[in-house]
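The values are calculated or read from the model by the stated rules, or taken from the named source; none is laboratory data. The shown structure was predicted, so the numbers you read here are calculated from the model rather than taken from an experiment. Positions of Cβ are generated from backbone atoms using ideal geometry, with glycine treated the same way; all protein chains shown enter the neighbour counts. We work out accessible area using only protein heavy atoms, side chains counted, and drop any ligands, DNA or RNA first. Shrake-Rupley method; radii C 1.70, N 1.55, O 1.52, S 1.80 Å.
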Amino acid sequence: MMLLELGKDLILDYTLRTVALGSATLGVVSGALGCYAVLRKQSLLGDAISHAALPGVALAFLFTQSKAPLVLVCGAAIAGWVATLFVIGIVNNTRIKEDSALGLVLSVFFSVGLVLLTVIQKMPTAKQSGLDTFLFGQAAALLERDVVTMASLGGMTLMIMLFFWKEFKLLCFDSAFGASLGFPMAVLDVLLITLLVIAIVLGLQTVGVVLMSAMVVAPAAAARQWTDRLGGMVVLSAFFGAIAGVGGAVISSSAVRIPTGPTIVLSISAIVVFSIAFAPNRGLVWNWVRSQRERKKLQIEVVLNDLYTLASQHADLQHSHSTAVLLAMSANRGNVRHSLRELVSLGWVENVNTDEWALTSEGVIKARYIAERQE
Amino acid sequence: MSSETLEIQLIAAVVAVACALPGVFLVLRRMAMMSDAISHAILVGIAAAAIFVTEDLTSPLLIVAAAATGVLTVSLVELLNQTRLIREDAAIGITFPALFSVGVILIARYAGDVHLDTDAVLLGELAFAPFNRFEVLEYDLGPRALWVMGVILCVNVVFIAFFYKELKLVTFDANLAATLGFSPALVHYGMMTLVSITAVGAFDAVGSILVVALMIAPPVTAYLLTNRLSRMIGLSGLIGVASAVAGYWFAHHQDASIAGSMGLMTGVFFALALLFAPNRGIVAIARRRASQRWEFAQTMLTIHLFSHEGLPEAEREAHVNHLSSHLHWEPDFAQQVVRNAERRGFIRNRSGRLNLTEQGREMAQLALVK
Amino acid sequence: MKNYSDTFAIEVEDLTVAYRDQPVLWDVDLNVPAGVLMAIVGPNGAGKTTLIKVILGLVRAAAGRVSIYGQSYSDQRRLVGYVPQRGSVDWDFPTSVLDVVMMGRYGALGWIRRPGSRERRSALEALDKVGMRDLAHRQISQLSGGQQQRVFLARALVQDAQIYFMDEPFQGVDATTERAIVALLQELRAEGKTLVVVHHDLQTVVDYFDSVTLLNVRRIASGPVNEVFTETNLRLTYGGRIAFLNRTEDQPAETQNIPHVIKPAKVENDATGIGERSNP
């Protein structure tokens, strides 16, 4: 029943619908393009771009005196783009490393943005309110026209991404090879970064500059755990982004005083944690189970091998030995008794007396096989 | 200058130096972005302590809580990284927004109960700092922020002075440090604790983003100016103070945010160093390139002549006209290079046919051995 | 040794390359006849990889000219295949073996067009040739070093080129893979292709290759192995860097000193490569 209520709200409640749609759009776009950032080890570039967008927003407003989302987004995009070029320029032409360049550009651009905002605040003509939503995001204030802007710009971005799918894959995987094939890798690089910049500035109004980097990195990092294909990763990442967007919108609407942006970020963080733990093949739980199984198998083999070694000192390979001897041989490590029970149930060892164990004929064959494999 | 103005500048200067000290090591250890992560993530610590423990925003408990959050951030990043499922940069990019979000939500939920808002943490407001006085037995000992940051600065100075050798070793060769018995992990976490304490101490004066600016920009600027660690530390402090004071006066005249102006000034100083640093500045490099271009061309010419000397194709290869087509030189440039080389006695020009002199041969050989 | 006929597959003239202020290649001349299997040999920092990259247009030259069958590389791109160093890519990238091999067709496909069944088929054929067909759908991070190298070779094979540049294809591969690669290289040469291979292991040059270029910032010597791969030339390349200054004097041919200039060969080669190798 609750789900039904929720569904009804999502469709009928204007604010919730708008916020959920906007957050979902942002999740899809940043999730999809975030994959490239993560795969190219540019995860923190998103953080720098989003912080650096602030002076762009302020300048766009100063020049146009307009608060139309498209205008502000353009300003943000240009600033984010210039910041990226600065980072690349500094890294390529000085001895400053990437992390320092990112931190430097991020904080200095943001400071400039701050200065501009306070200047705007004091201008008699302008009501600054509306600009500072870019700082922390204000999903609740999303209007339908904002969502339309986001969806159309985001859709365009995704179209371009799909259009140059093959080329972008080449850029991310083996750029030198791509260049030898004649593709202009530098141009593709700039294009891909431009798309990332657009994806980021689209989300600023909803989740704000500080949290935007999570929307770029987290869905991709989560998606990577579930799949080994780029296509799968991009689709899954977009899906996770959308889920987190809608989930965050719904959760924050259902309780008092829970801001939307942080809720979205916590939702996607939860997805990351879940993925790291439970994703098949790569997940930690999966790995733990696998290593336990391996260990158990190894313990059994050790005991079998010990029995075989002992027996091979006798004429009869099925000569029996006591538990105490086997315990001594494995230096009491591992659960010898448990392994013996397992071996009996496999039919490789039989319990001769209460505490005496011997290889079966099948056990001899197995033990020989294992011994040979070890050589 | 009123005492208030002076106090603001003093606080700003102390904050700048306190930030620059650990910043130097962050920059050198390629962990600059950790300052970004920590300065954001400590919001949780500040919020939690302010809501559940003490309402006094300058209580030392707050600093302890925030420092613990900082270390927690570092450990979480490390933990994610160690699963080998997520790379370090991505781990940072996921961890701190999550913690920051928890902080924002805490503050939003309990907004009525504490005097703390996210704007203040992120942006700070230095202008109000002098109003919060530190009083003992009704004696006014100055602004509280100055005392807090002063103590933090001292802690930083003592830590770095005390562990200078270890820090240096771990920074430049962590493996060697480990084999010599200094635990890089211990130094690492010690350093991160310092960063956290400094960030939390500075946040209500200048805001967390400016903490990043003050931790990274002055050291990076100093990095362009010197090769010596001790000098880099000193210069970073100086640049930090200069940015603080310049930023204050800029803000004063433009009626803008002080924190933002200080950040802007760190950027201005960086830009100046980037352009005009004596060895690594863009201007110096361009000038060096220009002179090297001629030098390089001369060497190239002698080597070209040298490697074809005495071989059948020499007649063709050693002609002036050949240079522009084969070495991709503009004809004018080629002429100029030939004239220079002739003047310096490296070659003889017999109506276009170039021959190496003994001196030129020597130069080519020298260049090839290098 | 040098002539100016048009039959050279690769012609490099007066090539000088500098990274920032540091010259990497000085005035290199190199002519590679069509149909040879050539090793490029030289010490670390000799500019071997750079030479290949300049020819492929990946690095800008300060001076000089490169041509492929008498024309510029950008006109002859389709004739050229490239195997970069294995370590140059992220093998944890989410993609499959087959997908990587199909990248070799991207150049022929041009912009936008996606690889289809034809590309798939030729990729599978190439994988068959390098003995990797069973692993076509495996994620590339699950491959051993040797298997990774085979994937790169397969990718070059689907380029269906006339000239192949390979950057240390034997680096860190197992002995079986090394033999398989050698067999493949020789098969390609038998088909009339030209192969230029950056190589590190001096001990195998004679057995694997028919031509060799000795490089150390400048070209020391280039030509058929039996003419060029001499002790004197090796010493010029590796040992006494001073030696070539007096090139008019004859080098006293001592026999002892080569081993210390030979870069210690990879373990696999030492253990198995030499004894088990059958001579071509």
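Summary of values
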quantity: Selection count where residues are more than 9 Å from chain A (Cβ to nearest Cβ) and touching a strand residue (DSSP E or B) at 6+ places or on another chain (Cβ under 9 Å), scope the range C:93-121; calculated: 1
quantity: Unique residue being assigned to a helix (DSSP H, G or I) and either free of Cβ contacts under 8 Å to residues at least 24 places away in the same chain or acidic (Asp, Glu) (or both) when the list is B:LEU176, B:LEU194, B:LEU167; calculated: B:LEU176
quantity: Residue within the range A:104-125 that is free of Cβ contacts under 8 Å to residues at least 24 places away in the same chain, under 24 Å from the mean Cα position of the chain (by Cα), in a helix (DSSP H, G or I) and surrounded by 24 or more Cβ atoms within 10 Å (Cβ to Cβ) present; calculated: no
quantity: Identity of the residue in the range B:219-230, touching a Leu at 6+ places or on another chain (Cβ under 8 Å) and more than 10 Å from chain A (Cβ to nearest Cβ), that ends up most open to solvent (accessible area, probe 1.4 Å); calculated: B:LEU225
quantity: Only one of B:ALA108, B:ALA145, B:ALA127 that is assigned to a helix (DSSP H, G or I), in contact with a Lys or Arg (Cβ under 8 Å, 6 or more places away or on another chain) and modelled with pLDDT under 90; calculated: B:ALA108
quantity: Entirely in the range A:282-375, the helices (runs of 4 or more DSSP H) that have 2 or more residues that are in the same structural domain as A:ASP228 (by TED's automatic domain parsing) and among the small types (Gly, Ala, Ser); calculated: none
quantity: Where A:LEU236 falls short, out of the listed (1) under 20 Å from the mean Cα position of the chain (by Cα); (2) free of Cβ contacts under 8 Å to residues at least 12 places away in the same chain; calculated: (2)
quantity: B:PHE296 vs. criteria in contact with a Pro (Cβ under 8 Å, 6 or more places away or on another chain) and in a helix (DSSP H, G or I); calculated: yes
quantity: Of all residues making up the range A:242-269, the number that are touching a residue at least 24 places away in the same chain (Cβ under 8 Å), in a helix (DSSP H, G or I) and open to solvent by 10 Å² or more (accessible area, probe 1.4 Å); calculated: 9
quantity: Residues located in the range A:49-75, provided they are farther than 26 Å from B:VAL27 by Cβ and either under 25 Å from the mean Cα position of the chain (by Cα) or not in a helix (DSSP H, G or I) (or both); calculated: A:GLN65, A:SER66, A:LYS67, A:ALA68
quantity: Number of positions in the range B:163-202 that are open to solvent by less than 10 Å² (accessible area, probe 1.4 Å) and either within 14 Å of chain A (Cβ to nearest Cβ) or among the charged types (D, E, K, R) (or both); calculated: 3
quantity: Complete set of residues in the range A:68-100 that are open to solvent by less than 70 Å² (accessible area, probe 1.4 Å) and facing chain B (nearest Cβ under 8 Å); calculated: A:ILE90, A:THR94, A:ARG95, A:ILE96, A:LYS97, A:ASP99, A:SER100
quantity: Test: residue in the range B:249-256 that is within 30 Å of B:ARG280 (Cα to Cα), assigned by TED's automatic domain parsing to the domain that holds B:TYR164, part of a helix (DSSP H, G or I) and open to solvent by less than 10 Å² (accessible area, probe 1.4 Å); calculated: no
quantity: Helices (runs of 4 or more DSSP H) wholly inside the range A:152-237 that include at least 3 residues being in contact with a Gly (Cβ under 9 Å, 6 or more places away or on another chain) and facing another protein chain (nearest Cβ under 7 Å); calculated: A:175-180, A:185-226
quantity: Among residues of the range C:105-125, those that are farther than 18 Å from A:PHE177 by Cα and not basic (Lys, Arg), counted; calculated: 5
quantity: Test result for B:PHE333, over 21 Å from C:VAL217 (Cβ atoms), among the aromatic types (Phe, Trp, Tyr) and in the same structural domain as B:SER291 (by TED's automatic domain parsing); calculated: yes
quantity: Search result, residues across the range C:152-161 that are at pLDDT 90 or above and in contact with a Leu (Cβ under 7 Å, 6 or more places away or on another chain); calculated: C:LEU153, C:ALA154
quantity: Residue among C:VAL130, C:VAL66, C:VAL80 that alone is under 30 Å from B:MET300 (Cα atoms), away from chain A (no Cβ under 12 Å), touching a residue at least 24 places away in the same chain (Cβ under 8 Å) and not charged (D, E, K, R); calculated: C:VAL66
quantity: Positions within the range C:162-190 being open to solvent by 30 Å² or more (accessible area, probe 1.4 Å) and either out of contact with any Leu (no Cβ under 8 Å at 6 or more places or on another chain) or part of a helix (DSSP H, G or I) (or both), in sequence order; calculated: C:GLN171, C:GLY172, C:ASP174, C:THR176, C:ARG179, C:ALA180, C:ALA183, C:GLN186, C:GLU187, C:ARG189, C:ALA190
